[in-house]
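Novice: Below is a structure I'd like to ask you about.
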Amino acid sequence: MILNMGPQHPSTHGVLRLLLEIDGETVVKLIPDIGFLHTGIEKTCEAKFYQQVVPLTDRIDYLCPMTNNLCYVLAVEKLLGIEPPPRAQFIRVLLNELTRIASHLVWLGTHALDIGAMTVFLYCFREREEILRLFEDVSGQRMMTSYFRVGGLSLDPPLDFFPRVKKFAKIFPERVDEYEGLLTGNPIWINRLKRVAHLSAEDAIALGVSGPSLRGSGVDWDLRRDMPYSGYDKFKFKVPVSQDGDVWARYICRIQELRESIGMVGQALDGMPEGSVKVDAPKVVLPDREKMKTQMEALIYHFKIVTEGFTVPAGEVYQAIESPRGEMGYYVCSDGTAKPYRVHMRSPSYVNLQALENMCVGRLLADVVAAIGSIDIVLGEIDR
């Protein structure tokens, strides 16, 4: 029998359609049908100044907007040959790890909901709400923050920001204990996840899988540690890895990542350097508002950057970072003007989705729901 699963079904996370061929309740063939959320963002980037692209990157993977901001600005900074000051780098790491936590909380809550556990969803969104309030405090926006800038940050965080983050970091480990208390020892949860949707290390590598889905198959690879960027080499953290390769392994890896990420948030708070949050590059970075009001040269720079943008030397670059879903990469090509010639995203959800058929063939129809949740896809990133 040929069965359409989605795109309206909640377990397909909104806009994924699966074309299933089933024999009874056993999956024989699975074809993902995507494109329901296509926005043409990559093409739109070519019509924008370099700095105007940042709000577009927010909307690629709308569950980790700051991660996309970071990857893009790192790519442009590499083309320009500039490096943000240490304080900006530490704040970027802090916000990216909070973003990872917020994204994993949405994954855990919706994954549990797909399988039938409602309480965890409510608990996870309770903590996510606290993180979104922190984002609103620092950037003015809950989700589409557009806070990072080429050369640093848009502005210094408000005075109450770091104490609020510290307060959250103190209570969050206990909240993770609550999630695990509801799920990790639950026999129904264990039976739905263990030995389901197996993906071997060899297949994961061959299919280009990355992130927790790769580490859940026993491959110890994390770009934050193995190809460090934005000062991650100054942080100490473990990379959770499991050899089991099933839905349970991917669940455990992400739960452990929640604990490691909040640990890095604490390290960023303890080691936060003083100084500016913008690199000294007046032709690229907007001047401070006070300087703009009192110095003619700053006013001219501000006017030219806003109206004409800043030029980037001709060349091409690929920058990859570890997003909550895996390797997020930005390819940026410059022709020497103020607008990018080409911007292309290597999105982990798009690549990881390839592994779904490998996971599901020979399994029961109900296991497809668990498999989809375990790879943590975001369709905005897949369709672009």
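The values are calculated or read from the model by the stated rules, or taken from the named source; none is laboratory data. Predicted, not measured: the structure shown is a model, and the values here were computed from it. With ideal geometry, Cβ positions are generated from the backbone for all residues, glycine too; neighbour counts draw on all protein chains shown. Note: accessible area is taken over every heavy atom of the protein model, side chains too, but ligands, DNA and RNA are not part of it. Shrake-Rupley method; radii C 1.70, N 1.55, O 1.52, S 1.80 Å.
Novice: Test of understanding: among 196, 176, which residue is touching a residue at least 12 places away in the same chain (Cβ under 8 Å), within 20 Å of the chain's Cα centre (by Cα) and open to solvent by less than 20 Å² (accessible area, probe 1.4 Å)? If you could, list the steps in order and put the result at the bottom.
Specialist: Numbers: 196 fails: within 20 Å of the chain's Cα centre (by Cα).
From the options 196, 176, the qualifying one is 176.
Novice: Where in the range 138-250 are the helices (runs of 4 or more DSSP H), entirely inside, with at least 1 residues that are touching a strand residue (DSSP E or B) at 6+ places or on another chain (Cβ under 9 Å)? Walk me through how you get there before you give the answer.
Specialist: Values: elements: 161-183, 187-193, 201-206, 212-215, 223-226.
In the range 138-250, the matching helices (runs of 4 or more DSSP H) lie at 212-215, 223-226.
Novice: Hey, another quick one. Name the residues in the range 70-84 that are open to solvent by 20 Å² or more (accessible area, probe 1.4 Å) and in a helix (DSSP H, G or I), would you?
Specialist: Of the residues in the range 70-84, the ones open to solvent by 20 Å² or more (accessible area, probe 1.4 Å) are 74, 78-83.
Within the range 70-84, 74, 78, 79, 80 qualify.
Novice: Within the range 95-115, does at least one residue satisfy the condition of being closer than 23 Å to residue 317 by Cα and either touching a Gly at 6+ places or on another chain (Cβ under 8 Å) or open to solvent by less than 20 Å² (accessible area, probe 1.4 Å) (or both)?
Specialist: So the first thing to find is which residues in the range 95-115 are closer than 23 Å to residue 317 by Cα, and the list is 96.
Add one more test, that the residue is either touching a Gly at 6+ places or on another chain (Cβ under 8 Å) or open to solvent by less than 20 Å² (accessible area, probe 1.4 Å) (or both), and what stays is 96.
Yes.
Novice: Additional query: Take residue 181 and tell me if it is farther than 30 Å from residue 311 by Cβ, modelled with pLDDT under 90 and either crowded, with 19+ Cβ neighbours inside 10 Å or among the small types (Gly, Ala, Ser) (or both). Write out each step before concluding.
Specialist: Values: farther than 30 Å from residue 311 by Cβ: yes; modelled with pLDDT under 90: no; either crowded, with 19+ Cβ neighbours inside 10 Å or among the small types (Gly, Ala, Ser) (or both): yes.
No, not satisfied.
Novice: Let me ask something else. Need pairs with beta-carbon distance below 6 Å; first residue open to solvent by less than 50 Å² (accessible area, probe 1.4 Å) and within the range 140-163, second part of a strand (DSSP E or B) and of a type outside the set (A, V, I, L, M, F, W, C); sequence gap 6+ or separate chains.
Specialist: 151/278; 152/278
Novice: Looking at residue 323, is it under 20 Å from residue 153 (Cβ atoms) and either touching a strand residue (DSSP E or B) at 6+ places or on another chain (Cβ under 6 Å) or of a type in the set (Gly, Ala, Ser) (or both)?
Specialist: Values: under 20 Å from residue 153 (Cβ atoms): yes; either touching a strand residue (DSSP E or B) at 6+ places or on another chain (Cβ under 6 Å) or of a type in the set (Gly, Ala, Ser) (or both): yes.
Against the criterion (under 20 Å from residue 153 (Cβ atoms) and either touching a strand residue (DSSP E or B) at 6+ places or on another chain (Cβ under 6 Å) or of a type in the set (Gly, Ala, Ser) (or both)), residue 323 qualifies.
Novice: Determine, yes or no, whether residue 327 is closer than 27 Å to residue 86 by Cβ and under 18 Å from the mean Cα position of the chain (by Cα). Even if it seems obvious, please write down each step before you answer.
Specialist: Working: closer than 27 Å to residue 86 by Cβ: yes; under 18 Å from the mean Cα position of the chain (by Cα): yes.
Here the answer is yes, as residue 327 does meet what is asked.
Novice: Got a number for residues in the range 345-381 being under 15 Å from residue 207 (Cβ atoms), out of contact with any His (no Cβ under 8 Å at 6 or more places or on another chain) and either acidic (Asp, Glu) or assigned to a helix (DSSP H, G or I) (or both)? Reasoning before the result, please.
Specialist: Going through the range 345-381, the residues under 15 Å from residue 207 (Cβ atoms) turn out to be 346-361, 371, 374-375, 377.
Those still in the list that are out of contact with any His (no Cβ under 8 Å at 6 or more places or on another chain) too: 346-358, 360-361, 371, 375.
After this cut, where a residue has to be either acidic (Asp, Glu) or assigned to a helix (DSSP H, G or I) (or both) as well, the list is 348-352, 355-358, 360, 371, 375.
Here the count works out to 12.
Novice: Looking only at residues that are under 27 Å from residue 88 (Cβ atoms) and surrounded by 19 or more Cβ atoms within 10 Å (Cβ to Cβ) in the range 204-230, which one is nearest to the chain's Cα centre (by Cα)?
Specialist: The selected residue is 211.
Novice: Is the range 281-289 home to any residue that is at pLDDT below 85 and part of a helix (DSSP H, G or I)?
Specialist: Yes: one or more hits.
Novice: Give the range 321-344 a look and list any residue that's in a loop (DSSP other than H, G, I, E, B) and open to solvent by 30 Å² or more (accessible area, probe 1.4 Å), or say none.
Specialist: Going residue by residue through the range 321-344, those that are in a loop (DSSP other than H, G, I, E, B) are 324-325, 335-341.
Those that are in a loop (DSSP other than H, G, I, E, B) and open to solvent by 30 Å² or more (accessible area, probe 1.4 Å): 335, 336, 337, 339, 341.
Novice: A further question on this structure: Of all residues in the range 116-131, count the ones that are of a type in the set (A, V, I, L, M) and open to solvent by less than 10 Å² (accessible area, probe 1.4 Å).
Specialist: Keep residues of the range 116-131 that are of a type in the set (A, V, I, L, M), which gives 117-118, 120, 122, 131.
From what is left, the residues that are open to solvent by less than 10 Å² (accessible area, probe 1.4 Å) are 120, 131.
Counting residues in the range 116-131 that are of a type in the set (A, V, I, L, M) and open to solvent by less than 10 Å² (accessible area, probe 1.4 Å) gives 2.
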